[in-house]
Amino acid sequence: MSKYDKEQVLCSSGVNVLKCMRCGKCSATCPSYDEMEYHPHEFVYMVEKGQIDKLMASPSIYKCLSCYACVERCPRGVEPAKLVEALRLLVIRQQGQNHLKADDIPALLDEDLPQQAIVTALRKYSK
Amino acid sequence: MQRIGVFVCWCGSNIAATVDVNAVSEALSHEPGVVYSINYQYMCSEAGQNLIKDAIREKKLTGVVICSCSPRMHEATFLKAAAAAGLNPYMVEIANIREQCSWIHKDMPTATEKAIILGRAAIAKVQLNTPLTAGESPVTKRALVIGGGIAGIQTALDIAEAGFEVDIVEKQPTIGGKMTQLDKTFPTLDCAACILTPKMVDCAQNENINIYAYSEVAEVKGFVGNFTVKIRKKARYVDETKCTGCGLCTEKCPQKKVPNEFNLGMDTRRAIYIPFAQAVPKIATIDPDYCNMLKNGKCGVCAKVCTAGAINYKQQDEIIEREYGAIVVATGYNPIKLDNFDEYSYSQSNDVVTPLEFERLMNAAGPTNGVLLRPSDGKHPHTIVFVQCVGSRDTSGCGKPYCSKICCMYTAKHAMLTREKYPDTDVYVFYIDVRTPGKSFDEFYRRAVEEYGVHYIKGMVGKVTPRADGKLSVQASDLIANE
């Protein structure tokens, strides 16, 4: 069983996964498809099965560009991109689960990185 | 005062589970005029009907109230039973305590209360009922079929065969409908025209059938058995009684650039036209939107060449009023418009075609004389992709929420015909589900896969993009291979 409740994802995304008829048009239309471990149609199915932990641990949810092509073209109005947003939120809201320590950040900087991103990263990871 | 008998039915548990039938028959037994009240498990059964018949005779009932299902279900049954026991059947009233009571309530006390109220209302009505005698009203023994496609044609032939007059109203210049545009039919792969055109000729020759082609129903009045219908016979600008269908006018007409609807605009016809060679009736029609003579009075070529003198530029729409006893609506279908689905590039590429356009491209009488060529450059395609379910099973508002049910079959047909004629062409079908119920239908689809090597891939196509080299690129995912 997943540590996280699928109800939370359904509630904060407002998505009804049961409307999905498994046509796969979301994945067929996704520009990030090749980058992903799990694909848009799988997001929907995995949320339905309650595999929230697996999704939260997967880099796939950060490959989503939020372009909403899947939302736009889904024949059943399922809105897979909104599930991704809800999953990302769930990750952010975790306490003490940072991937990085604030001290690790200087080593990762490159000169193209905007100033604002560096400040935000330091603020986020020093918590 | 009437002597009324009340019969409360349990309908097994349909009524009895939600309505306290004992309480109902008990409460109704105290109503004025009620001399007998009883409940029984299945009032419509033979034993139940005998209860009613015996009570009518023994208690000398003059009225009967049956608390049961909807009168649509068993009114005729109970009326017959009452009549058999010597009671005038119009002295029977039904209180619907099933559909309008037990089925829609969950709470027994409320449902019981409502059943009693419904029973009381029926009893009050019987108090005022008087015996009636059934009358007869005359029926016009002529039928109207709206729509002259294959459904309308077969209907008209059946009605005519049964000995009645029947009129077909068809809005196109010829009967035949969508089937005239089909190449082959599934699952037998018979030629569509070989099935259809003899039936069209039968319609024209049958003495009981009268065809109003190029006509529309303008108004329907009246009631079952006695309809009065106004039919608008649109002006063809050609005298039907004189035109011989020789086709000379359609060859000489100088207006050559009219999109030909019979081939879905993939080629052109003249402003005066006969839709196709086997048209019934085979009469020329002038298209007022394109005819120069009708638009600005400059031409008149067809009138000059017509040896029968059939051209009449002054012809007007005509309203015909006819009486009918029955009307059959066989108005057919239209394919969905693709405006909401531009991810498939229908508007951007001539090589993205609808299934009906595909039929024309395969058909010997079509714009390519039956050679499958890309409409854009007339070259032979080496890969064909069929995108299933466009506009079907769509609850987002772009399409229809239902499955159209026939697309899986005609796609298997298209795929098979393509592979049969052009073995060097690869055919891919992107499907959500393959739905092929029916006699020999699933076998037909399996033949496409097993004998003809059609590639079926589960996953809807996401988008189609025209490429610089003139080919199309199709983006889809294979859900089973997850790639």
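The values are calculated or read from the model by the stated rules, or taken from the named source; none is laboratory data. This is a predicted model, so every value here is computed, not measured. Here the Cβ positions follow ideal geometry from the backbone for every residue, glycine too, while neighbour counts run over all protein chains shown. To get the accessible areas, we keep the full protein, side chains included, count just its heavy atoms, and leave off ligands, DNA and RNA. Shrake-Rupley method; radii C 1.70, N 1.55, O 1.52, S 1.80 Å.
Numbers at a glance
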| read-out | value |
| --- | --- |
| Cα-Cα over 27 Å, subset of B:K221/B:K242; B:K405/B:K463; B:K199/B:K242 | B:K221/B:K242 |
| Averaged over B:393-403, number of beta-carbon atoms from partner chains that fall within 10 Å | 3 |
| Pairs beyond 20 Å (Cα-Cα), from B:K171/B:K256; B:K178/B:K230; B:K234/B:K304; B:K80/B:K114; B:K178/B:K413 | B:K171/B:K256; B:K178/B:K230; B:K234/B:K304; B:K80/B:K114 |
| Heavy atoms of B:E165 accessible to a 1.4 Å probe, total area in Å² rounded to 10 | 80 |
| Stretch gain in nm, segment B:L132-B:E420, where the contour uses 0.36 nm per residue and the Cα spacing is subtracted | 96.7 nm |
| For B:D351, distant residues with modelled amide H under 5 Å away | B:S376 |
| Amide N proximity, the range B:446-483 versus A:A57 label position 7 Å along Cα-to-Cβ, cut-off under 20 Å | none |
| Pairwise label distance in nanometres, A:Q8 with B:L189, each label 7 Å out on the Cα-Cβ vector | 5.8 |
| Hits among lysines - C-alpha to C-alpha of A:K101 under 28 Å, sequence gap 8 or more where chains match | A:K3, A:K54, A:K63, A:K124, A:K127 |
| For B:C403, solvent-accessible area (1.4 Å; no DNA, RNA or ligand), Å² | 50 |
| Ellipsoid semi-axes in whole angstrom, largest first, where each is sqrt(5λ) of the Cα gyration tensor of the range B:248-305 | 18, 14, 9 |
| Theoretical gain in end-to-end length, B:E323 to B:N296 [0.36 nm per residue, Cα-Cα removed] | 5.8 nm |
| For the range A:101-112, Karplus couplings with θ = phi - 60° (6.51, -1.76, 1.60), whole Hz, Gly/Pro x | 9, 4, 5, 6, 5, x, 5, 8, 5, 10, 6, 7 |
| Sum of side-chain charges, B:N363 neighbourhood, beta-carbon under 15 Å (Lys, Arg +1; Asp, Glu -1) | -2 |
| Counting DSSP beta bridges with both ends in the range B:339-476, the antiparallel % (nearest 5) | 35 |
| Calculated log₁₀ intensity ratio I(q)/I(0) where the Debye formula runs over C-alpha points of the range A:6-94, q = 0.14, 0.15, 0.21 Å⁻¹ | -0.39, -0.45, -0.94 |
| 222 nm mean residue ellipticity, helices alone, for chain B (DSSP H n ≥ 4; -39,500 (n - 2.57); rounded to 500) | -8000 deg cm²/dmol |
| Cut-off under 5 Å, modelled amide H: who pairs with B:C67 long-range | B:F7, B:V8, B:C9, B:A95 |
| Difference of contour (0.36 nm per residue) and Cα-Cα distance, B:D267 to B:I38 | 74.9 nm |
| Nonlocal amide H pairs with B:R393, under 5 Å, H built at 1.01 Å | B:K400, B:Y402, B:C403, B:S404 |
| Helix axis angle, A:80-92 relative to chain A longest principal axis, alpha carbon, degrees | 30 |
| Convex hull volume per residue in cubic angstrom - Cα atoms of the range B:4-128 | 81 |
| Computed [θ] at 222 nm, helices only, for chain A once each DSSP H run of length n ≥ 4 contributes -39500 (n - 2.57) | -13500 deg cm²/dmol |
| HN-Hα J in Hz across the range B:286-303 - Karplus 6.51, -1.76, 1.60, θ = phi - 60°, x for Gly and Pro | 9, 8, x, 6, 10, 6, 5, 5, 6, 7, 9, x, 10, 3, x, 4, 4, 5 |
| Tilt relative to chain B, helix B:108-128 - C-alpha long axis, 0 to 90 degrees, to 10 | 80 |
| Rg(Cα)/(2.2 N^0.38 Å) for the protein assembly as shown, N = residue count | 1.38 |
| HN-Hα J in Hz across the range B:361-370 - Karplus 6.51, -1.76, 1.60, θ = phi - 60°, x for Gly and Pro | 5, 8, 8, 4, 8, x, x, 10, 6, x |
| Other protein chain Cβ atoms within 10 Å, averaged over every residue that makes up B:315-322 | 0 |
| Cut-off 10 Å between beta-carbons: net charge of the residues surrounding B:V353, Lys and Arg +1, Asp and Glu -1 | -1 |
| Accessible surface of B:Y410 - all protein chains present, 1.4 Å probe, nearest 10 Å² | 50 |
| Listed residues B:E58, B:E113, B:E170 arranged by accessible area, highest first, probe 1.4 Å | B:E58, B:E113, B:E170 |
| Summed residue charge, Cβ within 13 Å of A:E79's Cβ, Lys/Arg positive, Asp/Glu negative | +3 |
| GNM top mover of A:L109, A:L65, A:L18 - chain A, alpha-carbon springs below 10 Å | A:L109 |
| Average beta-carbon neighbours from other chains, 10 Å sphere, peptide A:74-80 | 5 |
